[in-house]
Structures are given as structure tokens and as C-alpha cells.
1. Within the set of pairs 6+ apart or on separate chains, which have a first residue in segment 64-83 that is under 30 Å from H54 (Cα atoms), a second that is of a type in the set (D, E) and modelled with pLDDT under 90, and C-beta atoms under 8 Å apart?
2. Looking only at segment 37-63, which residues are of a type in the set (S, T, Y), free of Cβ contacts under 8 Å to residues at least 40 places away in the same chain and open to solvent by 80 Å² or more (accessible area, probe 1.4 Å)?
3. For segment 68-83, which positions are open to solvent by 100 Å² or more (accessible area, probe 1.4 Å) and part of a strand (DSSP E or B)?
Amino acid sequence: MSHPAWVMVSFLTELLSSYGGHGYNSNCANDTEIINALLKDSYNKHYLPSHPVHVRVDMWVQEVTSVSELTQDFEIATLSCNN
């Protein structure tokens, strides 16, 4: 991760996730506002890293509804988390 903004994002993500909502104050900025403020001048979503980035995504099916055997359609509600 040669881009300095990536290091800051990793650090802030760990820091903010460690609080886990204890002592939440509605006057506090949320994670998105903080990261956007830090990266508004330096982050480019079209930037390609020089090495592969491994992403793990956990997905849980919460509910299966509206199953149609005729058309083989179904609807599911999922919860996903990337690590």
C-alpha cells in the first residue's frame, strides 16, 4: 500500500470499529464523514494499487422469501461484512 491515504484509512477503520458504538453521541461525526474529510484531496477511486489487494467478504442469508418454482426466482435478505 504505497499510497499514504490507504494507511490512514486502515488506521481509522480499526480505530473507529474498536469503539463499537459504546458511548455513542449524536453530535459525533460518523465514519463516512471522517474518512471523506481526510481523503477529499488525496483519494482517487480510479487509482490501481501496484500489488493485488485481498478482500474477504462474509455474507449471511437472513431470510429467503418469495420463492417461485415456475420461474426459478427467489428473493433473499443478506447481511455482508468485508474484512
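1. Pairs that qualify, where the first residue is under 30 Å from H54 (Cα atoms) and the partner is of a type in the set (D, E) and modelled with pLDDT under 90, are S80/D58; C81/D58; N82/D58; N83/D58.
2. Y43
3. Across segment 68-83, the qualifying residues are F74, E75, N82.
The values are calculated or read from the model by the stated rules, or taken from the named source; none is laboratory data. Note that the coordinates shown come from a computational prediction; the quantities given were computed from them, not determined experimentally. Heads up, the Cβs are rebuilt from the backbone with ideal geometry, glycines too, and the neighbour counts pull from every protein chain shown. With ligands, DNA and RNA removed, areas are computed over all heavy atoms of the protein, side chains included. Shrake-Rupley method; radii C 1.70, N 1.55, O 1.52, S 1.80 Å.
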